[in-house]
Amino acid sequence: MKTCLLVLALLLGASRAFAQLAPADEAAIRRTVARMTTNFQNHHFADMAAYTTPDVSWVNIVGMWWRGRAQVRQAHQAIFDTSFKGVAFTPGRATVRGIAPGRA
């Protein structure tokens, strides 16, 4: 029984350690989200390269899957120029959590 409790305590401690993010990492993530939010608010995605990688992949709410920075940027711009034209974007609350060492 003591062994089970010890293992459980170690596992809980390890999962809690994984959940910790360095303040600088969380700030960098929040800056990235802020850049993306600005694009969603002004409906202009030309600077998407500032916060995406060349191999970015995006699945939208209806399941369309875009691959690569050029395709993701072009698709966002097209949708915001048509379907979402004139629609205001108000961001919700965002929570940043660590899920594994070095991963959020």
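For the stretch 80-104, the tally of residues that are surrounded by 12 or more Cβ atoms within 10 Å (Cβ to Cβ) and of a type in the set (A, V, I, L, M) stands at 2.
Given the options Trp58, Trp66, name the one that is farther than 30 Å from Gln20 by Cβ, among the aromatic types (Phe, Trp, Tyr), in contact with a His (Cβ under 9 Å, 6 or more places away or on another chain) and without any contact (Cβ under 8 Å) to a residue 24 or more places away in the chain.
Exactly one residue qualifies, and that residue is Trp66.
Identify, by number, the condition in (1) of a type in the set (Gly, Ala, Ser); (2) at pLDDT below 95; (3) over 25 Å from Pro101 (Cβ atoms) that Ala24 doesn't meet. Of (1) of a type in the set (Gly, Ala, Ser); (2) at pLDDT below 95; (3) over 25 Å from Pro101 (Cβ atoms), only one is false for Ala24: (3). One residue stands out among those in the stretch 48-68 that are more than 20 Å from Arg30 (Cα to Cα) and of a type in the set (A, V, I, L, M): the one that is nearest to the chain's Cα centre (by Cα), which is Val59. Restricting attention to the stretch 69-103, the residues that are within 21 Å of Ala49 (Cβ to Cβ), touching a residue at least 24 places away in the same chain (Cβ under 8 Å) and among the aliphatic types (A, V, I, L, M) add up to 1. When the stretch 37-79 is filtered for residues that are loosely packed, with under 12 Cβ neighbours inside 10 Å, in contact with a strand residue (DSSP E or B) (Cβ under 9 Å, 6 or more places away or on another chain) and within 19 Å of Phe89 (Cα to Cα), only Val59 remains.
The values are calculated or read from the model by the stated rules, or taken from the named source; none is laboratory data. Small disclaimer: the values here were computed from a predicted structure and weren't measured. Note that we place each Cβ from the backbone using ideal geometry, even for glycine, and neighbour counts take in every protein chain shown.
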